[in-house]
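Here's the structure, in C-alpha cells; my notes come after.
Read-outs throughout are calculated quantities, based only on the coordinates presented, and are distinct from any laboratory measurement. Not measured: the values here are computed from a predicted model. Here the Cβ is made from the backbone with ideal geometry for all residues, glycine too, and neighbour counts use every protein chain on show.
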C-alpha cells in the first residue's frame with residue numbers, strides 16, 4: 001500500500017489509527033487524511049503528525065458526499081487503499097436528526113466505493129469500519145458473530161448496516177477487494193466529550209451530575225482504541241478479501257458499574273475537597289428510545305485466523321484514559337468551548 005486514504009482521520013478512532021500507523025506500525029507508505037471537520041473532527045488531534053511526518057502525511061478538508069471532489073482526490077494522489085472511518089456516529093444525534101446519518105453514512109460510502117471501482121486496477125483494499133450495533137440487541141446471554149443477522153434499532157445503526165451491505169455488494173458485483181470490521185464500543189484518548197466515558201470523566205472532575213440512562217443495567221463490551229487500531233491494521237494486512245471480522249474488547253460491563261468504576265478511580269487519583277464520593281453525583285435519566293440492552297462481540301474469528309487479541313484490560317484502559325484527560329485539560333477546554341471550530345474556519349475554508 002503506497003498511498004492510503006483515511007477518511008475521518010481527525011475524529012477519535014481515525015486520529016488514533018493515523019498516529020498508530022505512522023508512529024508504531026510497519027506501514028511504510030503515505031497517508032492522505034480526508035475529513036470534513038464537523039463538530040467531532042479536530043485537526044489538533046494530529047498537529048504533531050503534521051509536523052513530524054511531512055513527507056508521509058497530507059490532510060485534506062473535504063466531504064465524502066461530494067462525489068466530484070472524491071474522484072479528484074483518488075486521481076491526484078493515486079489512492080491504492082482506503083480505510084473508511086468517516087461517519088456520523090452518535091445514536092442520540094441520529095434520533096434527533098437522522099437525515100445527516102443517511103447522507104454521510106450511506107451516500108458518502110457509495111461515493112467512495114464508486115471512486116475505488118473506477119480505479120480498481122490499482123486498488124489493493126477498501127477497508128470499512130463498522131459497528132456491532134448493526135446486529136441489534138442481545139439478551140443476557142450470547143454474543144454477536146459475523147454470521148449474526150443484521151437487526152439495527154436506531155437510524156445510526158441502520159445507516160451503518162446499509163453501508164456494510166454496499167461495501168459487500170461491491171465485492172460481489174465488481175470484485176472490489178474489501179474487508180469489514182464491526183467493533184464494540186471504543187474508548188481512549190481524543191474521544192469527543194459527548195460519549196459516555198469522557199462525559200463521565202469530565203463531569204466527575206468538575207463535580208457535575210453524572211447522567212446514566214434508565215436503570216444503568218445496559219451492558220456494553222468496551223474496546224481500548226489502540227487495541228482496535230492494531231486490529232484494523234492486522235485485518236488490512238492479513239485479512240481475507242470479502243470477509244468481515246468482529247473486533248471486541250472482552251470487557252463486558254453494565255453502564256452503572258462502569259460509571260462507578262470511573263468514580264472510584266477519580267476519588268483515588270483526585271479526591272474531592274470534602275472527602276465525599278463521586279458516586280453521589282450519579283443521576284438516572286429517562287432512557288433513550290430504542291436503547292439496546294446488551295452488546296457483546298465474539299471475536300474468535302479474528303483471534304484464531306489472524307492471531308489478534310486485545311491487550312488492555314478495562315480497568316487499566318480506564319485508568320490510562322482518565323489520566324490522559326487529566327493531563328490534556330487544554331485540549332478538553334478547546335473542544336468543549338468550540339474554540340477549535342473557530343480555528344478550523346480560519347485555516348480551512
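With only the Cα atoms considered, the chain has a convex hull volume of 131 Å³ per residue. Across the stretch 244-338, how large is the tail of the calculated P(r) beyond 16 Å, expressed as a percent of all Cα pairs? I get 71 percent for the Cα pairs in the stretch 244-338 exceeding 16 Å.
For the chain, what does the helix formula give at 222 nm: sum of -39500 (n - 2.57) over DSSP H segments with n ≥ 4, over the residue count, nearest 500 deg cm²/dmol?
-12500 deg cm²/dmol
What separates the Cα centres of the stretch 97-171 and the stretch 10-26 is a distance of 21 Å. Pairwise alpha-carbon distances in the stretch 181-311 exceed 17 Å for 63% of all pairs. The alpha carbon centroids of the stretch 256-293 and the stretch 181-235 are separated by 14 Å. Enclosing the Cα atoms of the stretch 116-253 in their convex hull gives a volume equal to 136 cubic angstrom per residue. Neighbour counting of Cβ atoms within 10 Å sorts the residues 143, 127, 84, 165, fewest neighbours leading, into 165, 143, 127, 84. Axis of helix 255-269 versus longest Cα principal axis of the chain: the two differ by about 70°, to the nearest ten degrees. Remark: spin-label model distance residue 26-residue 270 equals 4.0 nm, labels positioned 7 Å along the Cα→Cβ axis. Among beta bridges from DSSP that stay inside the stretch 206-299, the antiparallel ones total about 40%. Dividing the radius of gyration of the alpha carbons in the stretch 12-65 by their Kirkwood radius gives 0.95 for Rg/Rh. Relative contact order of the stretch 1-111: what whole-number percent is it, with Cα pairs under 8 angstrom and at least 6 residues apart? Relative CO of the stretch 1-111 lands at 33 percent. Among 104, 118, the ranking by other beta carbons within 10 Å of each residue's beta carbon, starting with the fewest, stands as 118, 104. In summary, the convex hull built on the alpha carbon positions of the stretch 1-154 has an orientation-averaged projected area of 10.5 nm².
Each pair of Cα atoms in the stretch 257-298 enters the Kirkwood radius, and Stokes-Einstein at 20 °C and 1.002 mPa s then converts it into a translational diffusion coefficient of 169 µm²/s. Angle of helix 225-238 to the longest C-alpha principal axis of the chain, folded into 0 to 90 degrees and rounded to 10: 20°. Each of 83, 115, 65 was scored by other Cβ atoms within 10 Å of its Cβ. Arranged with the fewest first, they read 65, 115, 83. The relative contact order of the chain comes to 18 percent, based on Cα pairs under 8 Å that sit 6 or more residues apart. Relative to the compact-globule estimate of 2.2 N^0.38 Å, the Cα radius of gyration of the stretch 99-181 comes out at 1.17.
Cβ-Cβ distance of residue 75 and residue 320, R₀ of 51 Å, FRET efficiency by 1/(1 + (r/R0)^6): the value works out to about 0.80. Under conditions of 20 °C and 1.002 mPa s, the stretch 46-133 yields 147 µm² s⁻¹ as its translational diffusion coefficient, taking Rh as the Kirkwood radius over Cα pairs in the Stokes-Einstein equation.
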